[in-house]
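Asks: Have a look at this one.
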Amino acid sequence: MTLADVLPTMGRCLHTRLEPDIWPLGTTLGQDGLVFAGVPAVSLAAQFGTPAYVLAEDAFRLRCRDFRAALPEMEVAYAGKSLLCRAVLRWVMEEGLSLDVCSAGELAVARAVGFPASRILMHGNVKTPEDLKAALAYGVDRIVVDSLDEIAELGTLARYPQRVLIRVTPGVDAHTHKAITTGVDSQKFGFPLSTAMDAVSAVLAQPSLRLAGVHCHIGSQVSTVAAYEETARRMVSLLGAVRDRFGVVLRELDLGGGYAVPYLTGEPGFDLVGYAQRVRVAVSYTASLLGLAVPRLTVEPGRSLAGPAGVTLYRVVAVKGSFVAVDGGMSDNMRVALYGAKYCVRLAGRSSCAPLRTVTVVGRHCEAGDVIASDVGLPGDVHAGDLLAVPVTGAYHHSLASNYNQVCRPPIVGVRDGIARPLVRRETEEDLAARDVG
Ligand SMILES: Cc1ncc(COP(=O)(O)O)c(C=O)c1O
């Protein structure tokens with residue numbers, strides 16, 4: 001039985017209440033629909049069109065503060081791949097976080113806002129020579145090396161000692177979706193523990209590289225602290241093994257990101273405070289057993305900062321049987337097709353007490369898999385022209401967006417204290433045509 005079956009029978013109009021755990025801080029629901037940080041969805045749609053990504057600045061900043069408060073002794077580096085634009089990087093900079101980038105393109109955005117190079121790391125399983133040159137030219141603090149070929153390439157390109165971390169796959173299965181599981185040996189990232197020593201030896205042999213520590217990232221949308229605890233133990237043990245074999249004490253341990261957020265109401269959030277306590281204990285206990293000083297820890301949250309701050313607004317174009325078709329789709333939200341992700345959808349531009357009915361919200365693209373949300377409850381009177389909102393779309397939506405069907409990518413609109421401002425403008429057909437030079 002679905003939510004839509006149950007609610008009408010309860011004689012109450014429950015869908016006029018907002019689920020507090022999935023909407024950005026400051027979202028309210030009134031007679032005229034949803035209001036984000038004091039800005040009505042209707043006004044946003046009128047001013048910026050649809051589809052549009054709405055980003056609540058305070059919600060983003062608050063998550064940055066939560067991380068810094070829970071992990072005061074750790075470096076918190078925002079994973080820029082989750083959502084990158086100049087305004088967001090200014091917020092990250094102002095909140096005192098570091099930044100991780102994984103391409104020259106991401107670094108260019110950091111450069112554009114003057115993000116301090118001393119707070120930037122670059123990683124990625126493939127860094128082209130151009131990526132590495134851009135990182136060296138800007139003087140990023142750490143480059144996370146991912147293959148022996150890359151170590152050789154970087155060793156040749158670096159002119160001054162460049163600090164590096166070695167990316168290791170600790171062999172911990174975080175039990176998340178296969179496409180975002182990165183901590184086990186059968187995937188493309190980093191060095192398995194069994195060959196990590198070869199990487200250490202290769203870095204130590206390069207006079208232009210300084211080995212600072214090791215890095216790992218076990219996956220994304222990871223909900224259990226235990227996987228991180230086990231990872232921390234294995235990674236500290238690796239630091240001990242490096243000392244024993246090479247006589248080199250590495251002082252930095254980067255544990256990556258991957259902290260889960262709820263996409264549907266009632267899904268558990270990530271226990272950040274529990275994480276802080278248990279990882280701290282795992283690191284210090286293992287270090288003390290091995291007679292090592294506690295390393296400096298870095299974490300790299302992306303989704304958990306950006307995801308819950310974002311909402312996508314769509315306009316309903318057609319209602320066909322149980323399909324509600326909107327003016328966006330897989331070009332602005334790839335996560336359904338990629339990972340089978342599930343979303344909640346709400347009427348955003350008006351209130352309705354019509355009984356809910358179960359519908360599937362689909363996109364405009366020429367793919368049967370172009371679905372936004374299957375089997376969700378929407379008021380039975382939903383019709384063409386209605387505004388819909390989908391929460392938790394701040395991370396890996398704009399950054400994964402495409403131009404499939406020559407559809408222009410939506411704008412990102414920042415909202416704060418009743419004011420909306422464009423952070424990234426809507427792409428235009430002229431933008432698309434400008435690249436077509438044949
Ligand atoms: C190396 C690394 N660090 C951090 C992240 C951020 O992960 P999340 O956005 O799930 O926190 C990723 C995501 O893929 C990653 O590959």
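Asks: Can you compute 3J(HN,Hα) from phi for each residue in segment 374-380, using the Karplus curve 6.51 cos²θ - 1.76 cosθ + 1.60 with θ = phi - 60°, rounded to whole Hz and x for Gly and Pro?
Replies: 9, 6, 10, x, 10, x, x
Asks: Each residue of segment 125-136 in turn: what ³J(HN,Hα) in whole Hz from Karplus with 6.51, -1.76, 1.60 and θ = phi - 60°, glycine and Pro shown as x?
Replies: 6, 10, 10, 6, x, 5, 4, 5, 5, 5, 5, 5
Asks: For GLN406 and LEU338, what is the calculated FRET efficiency with R₀ set at 30 Å and r taken between the beta-carbons, to the nearest 0.05? Present the calculation step by step, with values, prior to reporting the outcome.
Replies: Details: r = 21 Å, r/R0 = 0.70.
Using R0 = 30 Å, I get an efficiency of 0.90.
Asks: Still on this structure, I have one more. In debye, nearest 20: dipole of the chain around its Cα centre with unit charges on the Cβ of K, R (+) and D, E (-)?
Replies: Details: 43 positive and 44 negative charges, 123 e Å.
The dipole of the chain has a size of about 600 debye.
Asks: Could I ask something else about it? Specify the inter-centroid distance of segment 208-246 and segment 260-288, based on alpha-carbon positions, in whole Å.
Replies: 16
Asks: Students sometimes get this wrong: rank GLU427, GLU230, GLU73 by accessible area, probe 1.4 Å, all chains present, largest first.
Replies: Reading off the accessible areas and sorting them downward yields GLU73, GLU230, GLU427.
Asks: Per the 1.4 Å probe, what fraction of the accessible area of segment 258-412, in percent, lies on carbon and sulfur atoms? Please list the in-between numbers first.
Replies: On the way: 3230 of 5580 Å².
That fraction is 58 percent.
Asks: Between SER288 and ALA434, with labels modelled 7 Å along Cα→Cβ, what's the label distance in nm to one decimal, could you check?
Replies: About 5.9 nm, to one decimal.
Asks: Turning to a different aspect of this structure: What does DSSP give for segment 57-301 in terms of the percent of beta bridges that are antiparallel, rounded to the nearest 5?
Replies: Of those bridges, close to 5 percent are antiparallel.
Asks: If packing is taken as the average count of other Cβ atoms within 10 Å, what order do 407-417, 52-62 fall into, highest mean first?
Replies: Numbers: 407-417: 21.0, 52-62: 23.6.
By packing density, highest mean first, the sequence is 52-62, 407-417.
Asks: Then there is this: Once you put a point 7 Å from the Cα of THR28 and another 7 Å from the Cα of ARG90, both along the Cβ direction, what distance in nm separates them?
Replies: Label-label distance for THR28 and ARG90, simple model: 2.7 nm.
Asks: Another question, if that's okay. Roughly what % antiparallel, to the nearest 5, for the DSSP beta bridges in the chain? Before the final figure, lay out the partial values.
Replies: Values: 33 of 68 bridges.
Once the DSSP bridges in the chain are tallied, antiparallel ones form about 50 percent.
Asks: I've got another one for you. With the other protein chains left in place, how much accessible area per residue, in square angstrom, belongs to the chain at a 1.4 angstrom probe?
Replies: Numbers: 17970 Å² over 438 residues.
Per-residue accessible area for the chain comes out at 41 Å².
Asks: Can you sort ARG435, ARG17 by 1.4 Å-probe accessible area, starting with the largest?
Replies: Ranked from most to least accessible, the order is ARG435, ARG17.
Asks: Magnitude of the Cβ-charge dipole of segment 57-301, K/R +1 and D/E -1, about the Cα centre, nearest 20 debye? All intermediate terms of the calculation are to be shown ahead of the outcome.
Replies: Working: 26 positive and 27 negative charges, 95 e Å.
About 460 debye.
Asks: Additional query: Roughly how many Å² of MET197 are accessible to a 1.4 Å probe, to the nearest 10?
Replies: Looks like 30 Å² after rounding.
Asks: Would you count, across the chain, every pair of lysines whose alpha carbons are under 19 angstrom apart, provided the pair is eight or more residues apart or spans two chains? List each step's numbers first, then the result.
Replies: Numbers: LYS81/LYS127; LYS81/LYS178; LYS81/LYS188; LYS127/LYS188; LYS178/LYS188; LYS178/LYS342.
For the chain, qualifying lysine pairs total 6.
Asks: Would you pull out the residues with amide H under 5 Å of ASP254's amide H, same chain only if 5 or more places away, H placed 1.01 Å from N?
Replies: VAL214, HIS215, CYS216, THR298
Asks: What list of ³J(HN,Hα) couplings, whole Hz, do you get for segment 320-326 from phi and the Karplus terms 6.51, -1.76, 1.60, once you set θ to phi - 60° and write x for glycine and proline?
Replies: 10, x, 8, 9, 10, 9, 10
Asks: Among TYR314, LEU264, SER201, whose Cα lies farthest out toward the positive end of the dipole of the chain, if unit charges sit on the beta carbon of Lys, Arg (+1) and Asp, Glu (-1)?
Replies: SER201
The values are calculated or read from the model by the stated rules, or taken from the named source; none is laboratory data. Quick caveat, the model's predicted, so the values are computed rather than measured. Cβ: placed from backbone, ideal geometry, glycine included. Neighbour counts: every protein chain shown. When the accessible area is computed, the model is the full protein with side chains, heavy atoms only, and any ligands, DNA or RNA have been set aside. Shrake-Rupley method; radii C 1.70, N 1.55, O 1.52, S 1.80 Å.
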